[in-house]
Amino acid sequence: MALNRLLEILEQMETAHQRMLELGEEKKTAIMKNDVDRLIAINNQESKMIKAIGALDQHRAEAAYALMQEKGIKSKLNLTMTELARLLFDPEDKNRLLQIQARLAHILRELKSLNDINQQLTEQSLSFINLSIDLMVGTPADSYTYTHPANNYGAAHRNPGFFNARG
């Protein structure tokens, strides 16, 4: 039965997204601990999971199409889970489909929130690194704008930075 196949695929997608959520938590910890090696390993695992989720999504679309064909709909529309649930007349089947849809939606909202937090943490880390480099090396004062050679005062009194300082 096409519905059982669709539900099975959706449960696999739920498991895969749950794993992505776990990896996101691990990534958050790795970012906060500045563990670059762990972060690289997590990114590799996430890449594999994204490919697997993409394949599952393709299978989900095929199973949804098969369900529509089974119900007598010959169109190749890409229906949502709610729209597919309207095609089901058995309340138990409809309920199972809507429950898994709700669980998947909840996991996806959590995953989006966690990804936003990880993005902010990464941006803060990069800002800190840039600030540290600027403090050590020094930033050129107006080096990218034209100054008249007679006004060479700015170039002589620039902050030489940590590595260019004498003494």
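Where a number appears in this text, it was derived from the coordinates with a stated rule and is not lab data. It should be emphasised that the depicted structure is a prediction, and the values quoted were computed from it without experimental measurement. Positions of Cβ are generated from backbone atoms using ideal geometry, with glycine treated the same way; all protein chains shown enter the neighbour counts.
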Give, rounded to the nearest 20 debye, the magnitude of the charge dipole that the chain has about its Cα centre when Lys and Arg contribute +1 at Cβ and Asp and Glu contribute -1 at Cβ.
-> 220
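Within the range 56-127, report the trypsin sites (Lys or Arg not before Pro) that DSSP leaves as loop and that have at most 12 other Cβ atoms within 10 Å. Before the final figure, lay out each step's value.
On the way: sites: Arg60, Lys71, Lys74, Lys76, Arg86, Lys94, Arg96, Arg103, Arg109, Lys112; in loops: Lys71, Lys74, Lys76.
Here the sparse-neighbourhood loop sites are Lys74, Lys76.
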Would you list the P(r) distribution for the range 59-101, with all Cα-Cα distances sorted into 10 Å bins from 0 and each bin expressed as a whole %?
-> 29, 60, 11
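Counting only C-alpha contacts under 8 Å and six or more residues apart, can you give the relative contact order of the chain as a whole percent? Before the final figure, lay out the partial values.
Numbers: 110 pairs, mean separation 47.3, N = 167.
Dividing the mean separation by the residue count of the chain yields 28 percent.
Filter the cross-link list Lys51/Lys76; Lys51/Lys94; Lys71/Lys94; Lys51/Lys74; Lys51/Lys112 down to pairs whose alpha-carbon distance in this structure exceeds 21 Å. Intermediate results must be reported in sequence, preceding the final value.
On the way: Lys51/Lys76 24 Å; Lys51/Lys94 29 Å; Lys71/Lys94 14 Å; Lys51/Lys74 29 Å; Lys51/Lys112 18 Å.
Correct reply: Lys51/Lys76; Lys51/Lys94; Lys51/Lys74.
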In cubic angstrom per residue, the convex hull of the chain built on its Cα atoms measures 165
